[in-house]
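Working notes for the structure below.
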Amino acid sequence: MSKVLMTILTAALLLTASGLTAPMDDALAALNRGQPSVTVALLRDNRDAPALSLLARAYVGQSVLVDGRPEKQRLYAASEAAARAAVAADGRAAEGYVELANALALQLQGAGVVRATRTGLEIRRLFEQALKLDPAQARAWMGLGTWHAQALGLGALVVLTTGASEDTMRMSHQKAIALAPGEIFFRLSYADSLLLLAGQDVRRATGLRQEARHLLEGALALKPQTYWQKYDQEQVRERLRGLP
């Protein structure tokens with residue numbers, strides 16, 4: 001699985017528990033335990049925006065645990081449908097826009113540059129809309145930082161077309177970490193963005209890799225609280241083993 005896809009998948013599974021009702025608490029707890037199918041079963045018939053947003057995340061969680069591209073694609077599409085329903089149910093809630101951005105990004109694997117650029121611009125707009133609604137939405141900051149890094153990695157023409165910026169990439173990742181300093185994946189995601197840039201810029205590669213190593217070591221020092229955070233730390237160890 002590519003680092004880009006893994007970034008999107010894990011971003012979709014970062015969870016918070018603020019303001020949830022009792023049934024939602026149960027659904028969130030199941031997802032945190034690595035049981036997304038239980039979450040789906042609990043929320044499938046709910047039509048309120050918070051439940052639909054969490055349902056969208058649960059479908060992504062299921063996709064991590066299944067084999068086969070067709071089944072993964074079906075779950076990505078289900079996540080998109082739930083996220084769109086969440087936005088329709090409450091257009092003032094930031095979470096729905098974040099889930100929709102993640103679901104669209106997951107379906108871009110293997111897409112050509114033209115489609116990736118067109119859909120990528122929509123994904124950026126969704127993250128920016130989420131931040132307009134909730135400037136403290138850390139997952140949206142992380143997603144925006146990853147978006148800028150991936151656009152930078154597609155070359156000068158895409159950078160010119162989209163306005164991708166390393167400064168914005170760095171600021172967005174740093175904002176996410178500042179908002180949620182205990183979230184392992186935010187440091188991993190920032191490190192991956194730096195490693196992507198290192199692969200594009202030989203002159204700066206050593207320094208960028210050193211920055212990434214520092215972030216990864218910081219992520220490894222954090223204590224995981226959920227199934228997915230434990231999974232993230234395994235990804236951190238893998239990245240550190242791959243660094244020169």
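Scan the range 130-140 and tell me whether some residue there is surrounded by fewer than 23 Cβ atoms within 10 Å (Cβ to Cβ) and either farther than 30 Å from Ala88 by Cα or modelled with pLDDT under 95 (or both). So far as the range 130-140 goes, no, none of its residues is surrounded by fewer than 23 Cβ atoms within 10 Å (Cβ to Cβ) and either farther than 30 Å from Ala88 by Cα or modelled with pLDDT under 95 (or both).
Within the range 143-161, if we keep just the residues that are under 18 Å from the mean Cα position of the chain (by Cα) and either over 20 Å from Gly199 (Cβ atoms) or of a type in the set (S, T, N, Q) (or both), the residue that is most open to solvent (accessible area, probe 1.4 Å) turns out to be Gln150. Candidates are the residues of the range 55-80 that are free of Cβ contacts under 8 Å to residues at least 24 places away in the same chain and aliphatic (A, V, I, L, M); the one that is surrounded by the most Cβ atoms within 10 Å (Cβ to Cβ) is Leu75.
Somewhere in the range 163-172, is a residue outside any helix (DSSP H, G or I), at pLDDT below 95, hydrophobic (A, V, I, L, M, F, W, C) and not assigned by the TED database to the domain that holds Glu122? Within the range 163-172, one or more residues are outside any helix (DSSP H, G or I), at pLDDT below 95, hydrophobic (A, V, I, L, M, F, W, C) and not assigned by the TED database to the domain that holds Glu122. All of Leu13, Leu5, Leu9 fail the test of being in contact with a Lys or Arg (Cβ under 9 Å, 6 or more places away or on another chain), under 18 Å from Phe185 (Cα atoms), at pLDDT below 95 and not β-branched (Val, Ile, Thr), apart from Leu13.
The values are calculated or read from the model by the stated rules, or taken from the named source; none is laboratory data. Source: prediction; values computed, not measured. So basically every Cβ, Gly included, is an ideal-geometry build from the backbone, and we count neighbours across all protein chains shown. Keep in mind that these areas ignore ligands, DNA and RNA; they rest on the heavy atoms of the full protein, side chains included. Shrake-Rupley method; radii C 1.70, N 1.55, O 1.52, S 1.80 Å.
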